[in-house]
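The values are calculated or read from the model by the stated rules, or taken from the named source; none is laboratory data. Everything numeric here is computed off the predicted structure, so don't read it as measured data. Cβ atoms come from the backbone with ideal geometry, glycine included; neighbour counts cover every protein chain shown. Areas reflect the complete protein model, heavy atoms only, side chains present, ligands, DNA and RNA absent. Shrake-Rupley method; radii C 1.70, N 1.55, O 1.52, S 1.80 Å.
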Amino acid sequence: MKERNLALRLACLIATATGAPIASAQLLQPQPPPDSAAPVSAAAEGIYAGTRPSLLQVRTLVEAAGRQSSIGSGFLVGADGLAITNYHVVSQYALEPKTYRLEFARPDGTQGALTLLAIDVANDLAVVRVEGADLPHLEFDPTALAGEIPRGERVYAMGNPLDIGFTIVEGTYNGLVERSYNERVHFTGAINPGMSGGPAVTAAGKVAGINVAKRLDGELVSFLVPASKAAALLERARSGAPLNPAQTREEIDHQLLAWQEGFYRKLDEQGFRATKFGPYQAPESAASWFNCWARTNAEQTPKPRAQMDSSSCSSQSSLFVAEDIESGRAELTHAYVRSSDLNAFQFAAFLSQYYASASMSRSWSRKRLTQPECREEFVAPADAAAAPVLRAVWCARAYRDFAGLYDVSLTTVTQDRDREALVSRLAMQGVSYDNALALGQRFLGAIAWTR
Amino acid sequence: MDPMNDKTKPETVWIEVLGRHREVALRQRIDAASITLGRAYDNDVVLDDPHVAAHHLRIARGEDGRWIAEDLGSRNGVYAEGETKRRERIALSGAEALRIGHTVVRLRSSAEAVPEEQPLGSRRSPWPFALGAIAIVFVLELLGLWLNETAEPKLIRYLTPVLTVVAIVAVWTTLWSVLSRVFSGHARFGLHLAILGAGLLAYSLYDQIGEFGAFALSWTALTTYQYVIGWLILAAMCFFHLRAIGPTRLPAKAIALAALAALGITMQSLKLSEWRSTYGQAVTLQRLEPPSLRLVGAENPQTFFTRVAALKATLDQARSKEPEEGAESEAEE
C-alpha cells in the first residue's frame, strides 16, 4: 500500500484475476463444497439455501481477450432481473465501456450479459439488469431500511470470495460507522475480495446491507452500504432512463460534483475551531467525520535539532472512482516546528523539506490528472497585528476525465520568527475550483497569532 | 652577420623543416646556390622521414634569382602544401611550403618580417588569482553546507565535498595542461588553474546568491534555471582554456562552444521537463531562507487568491489535451 497511512486506508474489494494480494494461504486452501460442509449453524444453512439462487457473480471482461479482469458479487432484487452490486465492481466498464464488458454467472451455472442501468458513486452502488423473467430475488429488510437494526444483530454476508464459490459469512451488525461522512454500516465479519456487491442478509433472509469494503489493518472490520441507499438507487433505476454507456463519465462527473458540493457546504456549516500551536493558532474542522492523528519527531534518534509536532486531520470520506483515482478526501495538517539549536539559516533549511514537498502528490496517474500548476507568494494577513506574514504555495491539478474537478493543496509557512514556524497544509481531492478557493481563503485567513 | 646590412652578399636564405604542429624542427642556412634534401647522408639537409626518397628534392637558384624546387625522381613526389597535384618543379616565392613524404619544408628569405618583440613580464603570474579563487570557492561551499546542516554536524559530510572539488580541480587542470603542452608546447598549469578557479567561483557565487534571491525576491526561476548558468560558465571556461592553448581561429571556437552549450541546455531542459511530467512535479521554491531576508513585499490575500484563481484556465486547457506519450507509466512517491 505504498506510503499511505494504513490506519486511514479502507480497502476496496475488487479481486483481480491474477489473485488478490490479501488472499491468505488458509483461504486458498481447498474447502469442502458448501453443500456438504458442516453447517455454521442451522439458521445459516437455511439462509444460505434460501438466498443462494438470488446471488450473482459479476465479472468484468476485457472485450478483446474475452477473459475476466475483475470479479465481484451482486444479487437480484426483482423478478424482472434487476440486480444490485457495487459501483467499484463495474467501474472499469463504467469508465471504459469500449474496452470492457460485463457478465454475470449464477450459482446454477447460467451465464449472460449484464446491462448497467444506474450508478451511485458516493454510496458505491450500481444497478444492473440480468435478462430473464420470474427470477428468484431478495427483498430489503424493512428494519434495515428504517435504519433500526440493533447493534449486535446477527447478519450474514454472502458472495463469491476470490472466485472460489458462493459463500456465507456469519457476522455482527454494528450500526453506522460513527465518524464517516459517507454512511457505512460497520459489519464485524470476514468480507473478502470478490464478495463486493453481495448482500448481507438478516436471519429472515432479507437484505440489511451491501458488502463494500474492509479495513486491511484490522481483523474482521468490514463495511456495508446501508440497504436504504440501494433501495433508493433501485427506485431511480426503475423510474429513470437507463444509463447510456457513452455518457457514464458525465454521470460520474455530475455525481462527484454534486457530492463535493454537499460535502464542502457541510464542512463550512460545521465550522472550524482554532487550535493552538505554540504562539500560533490554526483552523481544524469541527466536523465529527475528521480523524486526527498527532505526530512528533521528539523520539527520533539521533535526537533531531529541531522539534516538530504535527496534527493531521483527514476526513473519512474517500470515494472510489477508479483503481487509479481516489476522490473525496480533505486533509488539514499543521506542523509546529521550533529549534534553539539551529541557526536561522539551518532552521529555514529544516523547514524547506516540509515546504518543498507541497508540489508533490503522494501518488498520481498522468492518465487521470494533469500536470500540477502552482502559484507561490508571500501573503500578508488582512490584519497585520493579528497574524504573521505567510509564505504560501497553491498547487492544483485537474481531473482529465471529469470536468470541474481538481485536486488542490495549499501550504503555508509563517514568516515572523527565525527559529519557530507553523507549516500548515490544506489538501482537497476531487473538489470544484470555487469550493477549493473558498475553503483555501478561509483556511489561510484563520492562521494567526494566539491572543 | 646581419644580412640586411650586407648589401654585397646575395640574399641569404634559410630552409626550415616543420614539425607535426608546424613548429620549426630544423632550420638551416643555405649558402650554396643549390641544395638537395633526402634521407641519404650525402644530402645537404637530411630528413628522417621514411616516406622521403634517398635523394628527393633539389632546391636551386634559377638564372633569374628565384628559387626552384625540383623532384629528383622520388616515388612519393613533391607537392605544394595544401595541393593534391603532384609537381615536378615548383617555383618558390618564399610564402609557400612543400610537402615531401610526411615532411613539410619551406624557404625563408633573410628579408622575412618577424613579429614585434614581446615585452618581458607583461604576463602576470596566474597563481595568486587561481589559488585565491579556489580558496574562496572552498569557503563558499563549506559555508553553504554548514547553513544547510540540520542534523548533527559530521566531519565526513564536509570532507567528502572538499575532496571531490579537489579531485575535479586536479583532473580538469591536468587535462587542459596536457592538451596545452601537446598543442602549444607549454603546459601553463597556473593559467588553466586560474581559468577553472574563475569558473568555479562564478558558479559558486551564483549558487549561493541565486538561492537567496529566489527566496528574497520570490523569483523561483533563479534556481530553477540554474543549470543554464552552469552550462554558460562551462562554455566560457572552455573558451578561455582553448584561447590559452592557441589564439588562432577564436570566433570559430567560440561558435562551436556556444553551440555545445546550447545543446547541453536543450538536452537538460528536455530531460527536466520529461522528469517533471513523469513524476507530476511542479516548479516551486525548494529552499526557504530566514524571514528577515525577504525583500519583496507580501501580497494581500485577495491578490494571492485572484492569481490562484487564474490557474483554473490553464488547468482546464491542460485537461483537454491528451497525456503525453508513455502515459501508461504511473509514478508513485
Can you pull out every residue in segment B:201-228 that is open to solvent by less than 50 Å² (accessible area, probe 1.4 Å) and under 21 Å from B:Leu131 (Cβ atoms)? B:Leu201, B:Ala202, B:Ser204, B:Asp207, B:Gln208
Whichever residue in segment B:272-308 is surrounded by fewer than 17 Cβ atoms within 10 Å (Cβ to Cβ) and aromatic (Phe, Trp, Tyr) and, among such residues, is farthest from the other protein chains (Cβ to nearest Cβ): B:Trp275
Could you count how many residues in segment A:410-439 are touching a Lys or Arg at 6+ places or on another chain (Cβ under 6 Å), buried (at least 21 other Cβ atoms within 10 Å of the Cβ), more than 8 Å from chain B (Cβ to nearest Cβ) and farther than 21 Å from A:Gln270 by Cβ? 1
Quick one: would you say A:Gly218 is assigned by TED's automatic domain parsing to the domain that holds A:Gly171 and either within 23 Å of A:Ala322 (Cβ to Cβ) or crowded, with 20+ Cβ neighbours inside 10 Å (or both)? no
Going by the structure shown, is A:Ala213 over 30 Å from A:Gln441 (Cα atoms), part of a helix (DSSP H, G or I), modelled with pLDDT under 95 and open to solvent by less than 30 Å² (accessible area, probe 1.4 Å)? no
In this structure, is A:Tyr399 open to solvent by less than 20 Å² (accessible area, probe 1.4 Å), under 23 Å from the mean Cα position of the chain (by Cα), free of Cβ contacts under 8 Å to residues at least 40 places away in the same chain and not assigned by TED's automatic domain parsing to the domain that holds A:Glu96? no
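Out of segment B:250-269, which residues are of a type in the set (Ser, Thr, Tyr) and open to solvent by 60 Å² or more (accessible area, probe 1.4 Å)? Show your work before the answer.
Within segment B:250-269, the first condition is being of a type in the set (Ser, Thr, Tyr), and the residues that meet it are B:266, B:269.
Across segment B:250-269, the qualifying residue is only B:Thr266.
Give segment A:160-184 a look and list any residue that's assigned to a loop (DSSP other than H, G, I, E, B), more than 21 Å from A:Lys229 (Cα to Cα) and open to solvent by less than 40 Å² (accessible area, probe 1.4 Å), or say none.
Our first condition is that a residue be assigned to a loop (DSSP other than H, G, I, E, B); within segment A:160-184, this holds for A:160, A:164-166, A:177-184.
The next check asks that each one be more than 21 Å from A:Lys229 (Cα to Cα); those that pass are A:160, A:164-166.
A:Asn160, A:Gly165, A:Phe166 - these are the residues of segment A:160-184 that are assigned to a loop (DSSP other than H, G, I, E, B), more than 21 Å from A:Lys229 (Cα to Cα) and open to solvent by less than 40 Å² (accessible area, probe 1.4 Å).
To keep it simple, each residue is scored yes or no on (1) more than 7 Å from chain B (Cβ to nearest Cβ); (2) in a loop (DSSP other than H, G, I, E, B).
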{"site": "A:Trp293", "(1), (2)": "yes, no"}
{"site": "A:Thr301", "(1), (2)": "yes, yes"}
{"site": "A:Ser312", "(1), (2)": "yes, no"}
{"site": "A:Phe320", "(1), (2)": "yes, no"}
{"site": "A:Ala335", "(1), (2)": "yes, no"}
{"site": "A:Phe345", "(1), (2)": "no, no"}
{"site": "A:Ser352", "(1), (2)": "no, no"}
{"site": "A:Ala356", "(1), (2)": "no, no"}
{"site": "A:Cys374", "(1), (2)": "no, no"}
Can you name the number of the only condition in (1) open to solvent by 100 Å² or more (accessible area, probe 1.4 Å); (2) more than 30 Å from the chain's Cα centre (by Cα); (3) in contact (Cβ under 8 Å) with a residue 40 or more places away in the chain that B:Arg108 fails? (1)
Residues in segment A:185-195: is at least one hydroxyl-bearing (Ser, Thr, Tyr) and either touching a helix residue (DSSP H, G or I) at 6+ places or on another chain (Cβ under 7 Å) or under 30 Å from A:Cys313 (Cβ atoms) (or both)? yes
May I ask you to say which residue of A:Ala387, A:Ala380, A:Ala392 is more than 8 Å from every other protein chain (Cβ to nearest Cβ) and over 24 Å from the mean Cα position of the chain (by Cα)? A:Ala387
Return the residue satisfying two criteria in turn: it lies in segment A:398-416 and is among the charged types (D, E, K, R) and touching a helix residue (DSSP H, G or I) at 6+ places or on another chain (Cβ under 7 Å), and of such residues it is nearest to A:Ala282 (Cα to Cα). A:Asp416
Somewhere in segment B:34-43, is a residue surrounded by 11 or more Cβ atoms within 10 Å (Cβ to Cβ), at pLDDT below 90 and in a loop (DSSP other than H, G, I, E, B)? no
Look through A:Ala421, A:Ala384 and report the one residue that is at pLDDT 90 or above, of a type in the set (Gly, Ala, Ser) and under 24 Å from B:Gly297 (Cβ atoms). A:Ala421
Looking for whichever is surrounded by 20 or more Cβ atoms within 10 Å (Cβ to Cβ), more than 19 Å from the chain's Cα centre (by Cα) and assigned to a loop (DSSP other than H, G, I, E, B) here; the options are A:Ile191, A:Ile149. Which one fits? A:Ile149
